Amino acid sequence: MQSADNLRQLFPESPHWHFSESRTGFPLLHLIDGNTQATVSVYGAQLLSYCPAAQEDVLWLSDDARFQQGKSIRGGIPLCWPWFGPHPNDSDKPAHGFVRNRYWQLTALTRVGDASLARFRLSEFDQTFYQPELSLELEISVGDSLKVQLTTTNNSQESATVSSALHSYFAISDIGDIQITGLEDKPFRDAVNNNSTCLQRGPIRFSGELDRVYQNVDAEICIHDPGLERVISISGTGSQSAVVWNPWVEKSLRLGDMGKDGYRNMVCVETANADQDARTLKPGATHYLVACIQVKP
Ligand code: TA6
């Protein structure tokens, strides 16, 4: 594992990046572009915060988030890979894959145009969890918008099927007041109602637990938040599916790390390759799953 001190030696601090540690010693990278800031945990290569200039944090991080080895951090943008949801045929394996519970390697820090960019690589590849040899890289670009790119390359001689998600937790004023547009008339699997297949009618509004996997996603998704007087726009590439989730009261209690009434101030809108949108990579092939997030006035 690269400690914060190791990272300072490898990447001398600058006006555009510096390092610190979580209360449990996880190395944290802070990326800065003018008055815009973002924080990334090296554990999980997980964004924890993105604050555009003159804006409240766009990402939600639970007050009770655990920064503990082997556990995932509740909030920000956890990476689900190489399977989304439960493992397809082995319930002993963790939900949402294993890379969110691993230390990644920071391999580059640079400025590209008006943005600060960081690149991470998952070096130690846990063959116990996944056979075909794949490599995985994450690129985070912080500027007027936040760009997150997860790159999978199949280095093996056989085809490999991967499902994944950029499991983004967005900060909102109140779950009862927001609405989500951009998924109207799209089919979805309703995980709260026996995985039944339904069609979205109009904007999404919340009045209880909601857990849906949308397909044929081909447009920008927007979170309209009257309380914070803003619209968060999420555009995906290399993705035709999106997951929308709020655990509401009971599921929050079962999860145990959502914080008191935390569900009221978060909504997940995940840029994904889920269910039938899973991707099969031929030998030598590369796939890019990309989310571009920005606040629109
Ligand atoms: O993305 C939605 C979802 O799959 C929900 O079903 C819920 O379980 C959520 O992910 C959180 O999963 P986690 O493993 O982080 O508790």
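We did not get these values from a lab; they are worked out from the coordinates using the rules stated. The structure presented is a predicted model; accordingly, all values stated were derived computationally and were not measured. No Cβ is skipped: glycine too gets one built from the backbone with ideal geometry, and neighbour counts run over all protein chains shown.
Tabulated data for the structure shown
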| read-out | value |
| --- | --- |
| Residues whose placed amide H lies under 5 Å from that of residue 36, excluding near-sequence neighbours | 53 |
| Global form of the range 43-109, assessed from the alpha-carbon gyration tensor, a/c cut-off 1.5 | prolate |
| Relative contact order for the chain, counting Cα pairs under 8 Å that sit 6 or more residues apart, in percent | 17 percent |
| Pairs beyond 23 Å (Cα-Cα), from 260/296; 93/251; 71/251; 147/296; 71/93 | 260/296 |
| Cα gyration tensor shape of the range 202-279, rounded if a/c is under 1.5, else prolate or oblate by comparing a/b with b/c | oblate |
| From phi via Karplus (6.51, -1.76, 1.60), per-residue ³J(HN,Hα) for the range 205-219 in Hz, x at Gly/Pro | 10, 10, 9, x, 4, 9, 8, 9, 10, 8, 10, 6, 6, 9, 9 |
| Packing-based exposure ordering (other Cβ within 10 Å, fewest first) of 142, 148, 192 | 192, 148, 142 |
| Kirkwood-type radius of the range 122-246, with distances r between different C-alpha atoms, in Å | 16.8 Å |
| Structure-based [θ]222 nm, the chain - -39500 (n - 2.57) summed over DSSP H runs of at least 4, per residue, nearest 500 | -1500 deg cm²/dmol |
| Backbone HN-Hα couplings from phi across the range 34-50 [Karplus 6.51/-1.76/1.60, Hz, Gly and Pro as x] | x, 8, 9, 9, 9, 10, 10, 8, 5, 5, x, 6, 9, 4, 10, 7, 9 |
| Within straight-line cross-link reach of residue 186, lysines at Cα separation under 22 Å, skipping those fewer than 8 residues along the same chain | none |
| For residue 210, distant residues with modelled amide H under 5 Å away | 246, 248 |
| Two-decimal ratio, the chain, of alpha-carbon radius of gyration to 2.2 N^0.38 Å | 0.95 |
| Burial ordering of 209, 139, 229, 56, fewest other beta-carbon atoms within 10 Å first | 229, 56, 209, 139 |
| In Hz, Karplus ³J(HN,Hα) per residue of the range 104-111 (6.51, -1.76, 1.60; θ = phi - 60°; x = Gly, Pro) | 9, 10, 7, 10, 7, 9, 7, 10 |
| 5 angstrom amide H check on residue 96, placed H, neighbours 5+ away | 85, 87 |
